[in-house]
Amino acid sequence: MDTKKSDKFLSTLEAAQKGDADAQFALGLMYEDGKGTEQNYVAAYKYYKLAADQGNINAQYKLGIMYYDGKGIEQNYIKSIEYFQLAANQNDSDAQFNLGVMYGDGKGTEQNYVAAYKYYKLAADQGNIDAQVNLGLLYAYGNGVEQNYEKAAEYYAAAAAKGDAIAQYNLGLLYENGDGVEKNYAKAFECYAAAAKQGEAIAQYNLGDLYYFGKGTEQNYTKSFEYFQLAAQQGNSDAQFSLGLMYEDGKGTEQNYTEAYKYYKLAAEQGNIDAQVNLGNLYCFGKGVEQNYTKSFEYYQLAAQQEDATAQRYLGNLYYFGKGVEQNYTKSFEYYKLAAQQGDSEALYTLGYIYDVGEVVAQDYAEAHKYFKQAARLGNISALLSLGILYEYGQGVEQNYEKAAEYYSAAAAQGDAAAQFNLGVCYEKGEGVDQSYEKAVEYYSAAAEQGYAAAQCNLGRLYENGYGVEQNYEKAVEYYLTAAAQGDAAAQFNSGVCYETGDSVEQNYEKAAEYYSAAAAQGHANAQCNLGVLYENGEGVDQSCEKAFEYYSAAAEQGHAAAQCNLGRLYENGDGVEQNYEKAAEYYSTAAEQGYANAQCNLGILYENGDGVEQNYQKAAEYYSAAAEQGHANAQCNLGVLYETGDGVDQSCEKAVEYYLAAAEQGDAVAQCNLGRLYENGYGVEQNYEKAAEYYKLAAQQGDSNAQFNLGLYYEKGDGVDQSYERAAEYYSAAAAQGDAAAQCNLGFLYHNGDGVEQNYEKAAEYYSAAAEQGNAAAQSNLGILYEDGYGVEQNYEKAAEYYSASAEQGCAAGQSNLGILYKDGVKVLE
């Protein structure tokens, strides 16, 4: 500022004092700018007034400015308008422009966009750039004129061509949105770049945005970051927010939550709502700052006060869980509803969820449906899924599988894994859609690819059974193991089954136990039962009936029939628990009521024997019948026995044959043996030794000792088979090895006589002894003979007499006769 008056000032002063209007204006300008003299707004006003009063257009314009800004004179918008009007009447474009601004802002006059348009148009027609820009704005927003983006583009383009940054920015905006011009991101990019080059912050921000999303240019996070930074340095809050976002996500720069916090804070202090919300998030999750729910609450509240729906929803969450604020469900609901009223789909979904689960309000499926429906209309995927569930189970709405499938389809199409899974289930079961395993595979696969464990498990099952795909056990195991690794209990169970059975994996009971244990820990009843079986049998784990009892009990409490039956068996046999037939009957009964055939058969046995229940053949027959109808071979056999003996049912060998045959066809050895006996004796069927031998053979091959003994008799006598002592010896040996006394006796007899085997008295004595110890009278008599004659044993009359006596006491004629001979011959016998 010049403090010493210049010669130019003095000469101008002299001319002004003589009334020269131009000199008066020039002197006012010197006082205003402090050039050639000390700056003095009052003096400037004085000389502008003198010149203006003489009609000096420039002085009139300057007086308008001084009244507008209140410099050198008290601020007065009305006066400002008066002087701008005087200059505008003389076609001063700047005055016309300023008049347009004052009419547009309603300063010194009533707001009047029509008048604003009029003056902008006058100025614009003279090439006033600012007026052209503002005319464009009026057309863009339809203020004072009918909205017309084409006209807006025309005026922006005129100003932009002259290098006006604001016009370049606004024109870029039209190209970006396709308003008044064909949408063209490349053109928008070009306009923003021109404005940004001039330092226009908002253009720098928008240019950064185009780089971020790759619109009009190749996506470049680094460039995006650079332009956001330029705009942020000028205080642009949107750019500051975007910089925070890039630091948070690590895009265009290294991830840095501290820097993210810094830029969010700068933007938030300017009232940027998104920044306030994200600051709340950083405090909520402790990213870049120490976790602080109270601070989180504060920032959410700032944004919520500006009616931001997301912030309102987050406030609802904090009140719901009592974080950063005292838990208050009422407040929580208030904020959820505020957000919902603004169409926040997540808030609508949350309200629906709260009513759906009924944790803090009375469960109300109808209300849940209402909110889910509103959220679904806004495209909320979780709401679409939840609506499907409500329709599938008829909760709050009438059950409708078609509707369920419809909503699942909508959510699945947007990639929701749970919906894809549920839709797969619909196709697998044919609920609401035409049944299609192929479609089920398609949707399970889509969900499985996203790591959805239940879908992986179901896909494994379809591969295992060859439903909708070619059967592939290896694929099945692969999906089971993948799902099991994520903790899916059903998949862990299925994996356990694969390892237990050795299907497509090497059999490994330890692995089976491991997977069963994981599933059992999650309460999977089948896994608990199967793990109990492994403990009972000592497969893959240390044998422990106590552990088996523990796991069977856990499954039984969930109503698992097999586990209940197994528990009954432990109680029946006293394995891992004190023997208790009453408890056994109780568990068998519970399982039997569920139609479990094993339990029905076992309960029938208890009633037949009177163990734990009062003996009741009718009840036994009833339970055997129930199991037999399900094809239970043991029950069919036992029912055949009752019909043969007439216990609890009308005696009928024909019925006995029927049930024995049903069981025999399933490979039941006892039934095969019994059927052989009926054919042997002609009970219920025509006598047929060949048929008898046929069934005895089937049972004998399975190790049934009775059948082996009977078949030995057949071969010894040649009944129904070609006579063969060798074959007789073979079958007697098999039965004898199992402790069958009659077979031991007969085998001894063959060795005694050398029939079918080399004669061997020692062997004969050995087998007679084994049978005699079991009280077999014939063996006792035959052993007595060996002792009497000293064959295969040292001769011993006392021993002979002892065995004859034992045999005789059982009414054995041979024993009685041999004992009598000893007495008759006076051989020393027991007194």
Review point. Which residues, taken from the range 7-25, are open to solvent by 30 Å² or more (accessible area, probe 1.4 Å) and assigned to a helix (DSSP H, G or I)?
Key: Asp7, Lys8, Leu10, Ser11, Leu13, Glu14, Ala15, Gln17, Asp22, Phe25
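Determine whether Tyr149 is open to solvent by less than 40 Å² (accessible area, probe 1.4 Å), at pLDDT 95 or above and either under 51 Å from the mean Cα position of the chain (by Cα) or within 29 Å of Gly104 (Cα to Cα) (or both). Reasoning before the result, please.
On the way: open to solvent by less than 40 Å² (accessible area, probe 1.4 Å): no; at pLDDT 95 or above: yes; either under 51 Å from the mean Cα position of the chain (by Cα) or within 29 Å of Gly104 (Cα to Cα) (or both): yes.
Considered against the rule, which asks whether it is open to solvent by less than 40 Å² (accessible area, probe 1.4 Å), at pLDDT 95 or above and either under 51 Å from the mean Cα position of the chain (by Cα) or within 29 Å of Gly104 (Cα to Cα) (or both), Tyr149 comes out as no.
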Exercise for review: Quick one: in the range 728-756, of everything that is of a type in the set (A, V, I, L, M, F, W, C) and open to solvent by 30 Å² or more (accessible area, probe 1.4 Å), which residue is farthest from Glu802 (Cα to Cα)?
Suggested key: Ala734
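Pick from Tyr463, Tyr407, Tyr427: which is surrounded by 21 or more Cβ atoms within 10 Å (Cβ to Cβ), aromatic (Phe, Trp, Tyr) and closer than 30 Å to Ala340 by Cα?
Details: Tyr463 fails: closer than 30 Å to Ala340 by Cα; Tyr427 fails: closer than 30 Å to Ala340 by Cα.
Of Tyr463, Tyr407, Tyr427, the one residue that is surrounded by 21 or more Cβ atoms within 10 Å (Cβ to Cβ), aromatic (Phe, Trp, Tyr) and closer than 30 Å to Ala340 by Cα is Tyr407.
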Practice item. Check off (1) open to solvent by 40 Å² or more (accessible area, probe 1.4 Å); (2) under 30 Å from Gly468 (Cα atoms); (3) assigned to a loop (DSSP other than H, G, I, E, B) for Ser382 and give me the number that stays unchecked. Key: (3)
Practice item. Would you point out the residue of the range 183-232, among those that are of a type in the set (S, T, N, Q) and open to solvent by 60 Å² or more (accessible area, probe 1.4 Å), that is farthest from Leu243 (Cα to Cα)? Key: Gln198
Check your understanding: Which one of Asn58, Asn98 is open to solvent by 20 Å² or more (accessible area, probe 1.4 Å), out of contact with any Cys (no Cβ under 9 Å at 6 or more places or on another chain) and farther than 22 Å from Asn143 by Cα?
Key -> Asn58
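Of all residues in the range 325-351, count the ones that are assigned to a loop (DSSP other than H, G, I, E, B) and open to solvent by less than 30 Å² (accessible area, probe 1.4 Å).
Of the residues in the range 325-351, 1 are assigned to a loop (DSSP other than H, G, I, E, B) and open to solvent by less than 30 Å² (accessible area, probe 1.4 Å).
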Review point. Which of (1) closer than 30 Å to Ala157 by Cβ; (2) open to solvent by less than 70 Å² (accessible area, probe 1.4 Å); (3) among the hydrophobic types (A, V, I, L, M, F, W, C) is the odd one out, the single condition Ile81 does not satisfy?
Key: (1)
Check your understanding: What pairs come up if the first residue lies in the range 281-293 and is farther than 13 Å from Ala260 by Cβ, the second is among the hydrophobic types (A, V, I, L, M, F, W, C) and surrounded by fewer than 16 Cβ atoms within 10 Å (Cβ to Cβ), and their beta carbons are under 7 Å apart, counting only those six or more places apart or on different chains?
Key -> Gln291/Phe285
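Just need a number here: residues in the range 755-806 that are touching a Phe, Trp or Tyr at 6+ places or on another chain (Cβ under 6 Å) and of a type in the set (A, V, I, L, M).
Here is the first cut: in the range 755-806, the residues touching a Phe, Trp or Tyr at 6+ places or on another chain (Cβ under 6 Å) are 755-757, 760-761, 763-764, 779-780, 782-784, 791-793, 796, 799-800.
From what is left, the residues that are of a type in the set (A, V, I, L, M) are 757, 764, 779, 783, 793, 800.
Result for the range 755-806: 6.
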Exercise for review: Would you list the helices (runs of 4 or more DSSP H) that sit entirely within the range 736-831 and hold 2 or more residues that are closer than 29 Å to Ala707 by Cβ and of a type in the set (A, V, I, L, M, F, W, C)?
Suggested key: 741-753, 761-773, 777-789, 813-824
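On the phi < 0 side of the Ramachandran plot, crowded, with 24+ Cβ neighbours inside 10 Å, without any contact (Cβ under 8 Å) to a residue 40 or more places away in the chain and aliphatic (A, V, I, L, M): does that describe Ala693?
Values: on the phi < 0 side of the Ramachandran plot: yes; crowded, with 24+ Cβ neighbours inside 10 Å: no; without any contact (Cβ under 8 Å) to a residue 40 or more places away in the chain: yes; aliphatic (A, V, I, L, M): yes.
Against the criterion (on the phi < 0 side of the Ramachandran plot, crowded, with 24+ Cβ neighbours inside 10 Å, without any contact (Cβ under 8 Å) to a residue 40 or more places away in the chain and aliphatic (A, V, I, L, M)), Ala693 does not qualify.
Can you pull out every residue in the range 232-285 that is of a type in the set (D, E, K, R) and either under 21 Å from Tyr314 (Cα atoms) or outside any helix (DSSP H, G or I) (or both)? Quick ask: steps written out before the conclusion?
Of all residues in the range 232-285, those of a type in the set (D, E, K, R) come to 238, 248-249, 251, 254, 259, 262, 265, 269, 274.
Residues satisfying the conditions are Glu248, Asp249, Lys251, Glu254, Lys265, Glu269, Asp274.
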Practice item. Could you tell me which numbered condition Val114 fails, if it satisfies all but one of (1) surrounded by fewer than 17 Cβ atoms within 10 Å (Cβ to Cβ); (2) not in a helix (DSSP H, G or I)? Key: (2)
Review point. Can you tell me which residues in the range 497-551 are closer than 15 Å to Arg569 by Cα and hydroxyl-bearing (Ser, Thr, Tyr)?
Key: Tyr535, Ser544, Tyr551
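Let's see how each residue does on (1) more than 60 Å from the chain's Cα centre (by Cα); (2) closer than 18 Å to Leu678 by Cβ; (3) at pLDDT 95 or above:
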| position | (1), (2), (3) |
| --- | --- |
| Gln701 | no, no, yes |
| Asp704 | no, yes, yes |
| Val721 | yes, yes, yes |
| Tyr725 | yes, no, yes |
| Glu730 | yes, no, yes |
| Gln738 | no, no, yes |
| Cys745 | yes, no, yes |
**Study point:** the range 429-460: number of residues that are under 17 Å from the mean Cα position of the chain (by Cα) and either part of a loop (DSSP other than H, G, I, E, B) or among the basic types (Lys, Arg) (or both)
**Key:** 3
Point to revise | Close pairs (9 angstrom Cβ cut-off, 6 or more residues apart or separate chains): open to solvent by less than 30 Å² (accessible area, probe 1.4 Å) in the range 541-569, of a type in the set (A, V, I, L, M, F, W, C) and assigned to a loop (DSSP other than H, G, I, E, B) anywhere | key: Cys545/Val577; Leu567/Val577
Review point. In the range 268-298, how many are touching a Ser or Thr at 6+ places or on another chain (Cβ under 6 Å), at negative phi and open to solvent by less than 60 Å² (accessible area, probe 1.4 Å)?
Key: 5
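Quick one: in the range 632-690, of everything that is of a type in the set (Ser, Thr, Tyr) and farther than 24 Å from Asn609 by Cα, which residue is least open to solvent (accessible area, probe 1.4 Å)? First the steps, then the outcome.
Pass one, the range 632-690, residues of a type in the set (Ser, Thr, Tyr): 643, 645, 652, 659-660, 679, 683, 689.
With farther than 24 Å from Asn609 by Cα added as a condition, the list becomes 679, 683, 689.
On the way: Tyr679: 42, Tyr683: 110, Tyr689: 86 Å².
Step by step, filter the range 632-690, then rank; the result is Tyr679.
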Revision key, fill the gap. Expected output for the range 523-536 (first residue more than 16 Å from Ala591 (Cα to Cα) and part of a helix (DSSP H, G or I), partner open to solvent by 40 Å² or more (accessible area, probe 1.4 Å) and of a type in the set (Lys, Arg), Cβ below 8 Å, 6+ apart or cross-chain) is Gly532/Lys547; Tyr535/Lys547
Study note, to complete from the structure: Per the filter on the range 299-313, residues on the phi < 0 side of the Ramachandran plot and surrounded by fewer than 17 Cβ atoms within 10 Å (Cβ to Cβ) are Gln305, Gln306
**Study point:** For Ala662: the one exception among (1) assigned to a loop (DSSP other than H, G, I, E, B); (2) farther than 21 Å from Lys717 by Cα
**Key:** (1)
**Study point:** Residues of the range 613-653 satisfying the condition of being assigned to a helix (DSSP H, G or I), among the charged types (D, E, K, R) and under 25 Å from Lys583 (Cα atoms)
**Key:** Lys619, Glu622
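The values are calculated or read from the model by the stated rules, or taken from the named source; none is laboratory data. Because the structure is predicted, anything quoted here is derived from the model rather than measured. Neighbour counts are summed over all protein chains in view; Cβ atoms, including those assigned to glycine, are modelled from backbone coordinates with ideal geometry. When the accessible area is computed, the model is the full protein with side chains, heavy atoms only, and any ligands, DNA or RNA have been set aside. Shrake-Rupley method; radii C 1.70, N 1.55, O 1.52, S 1.80 Å.
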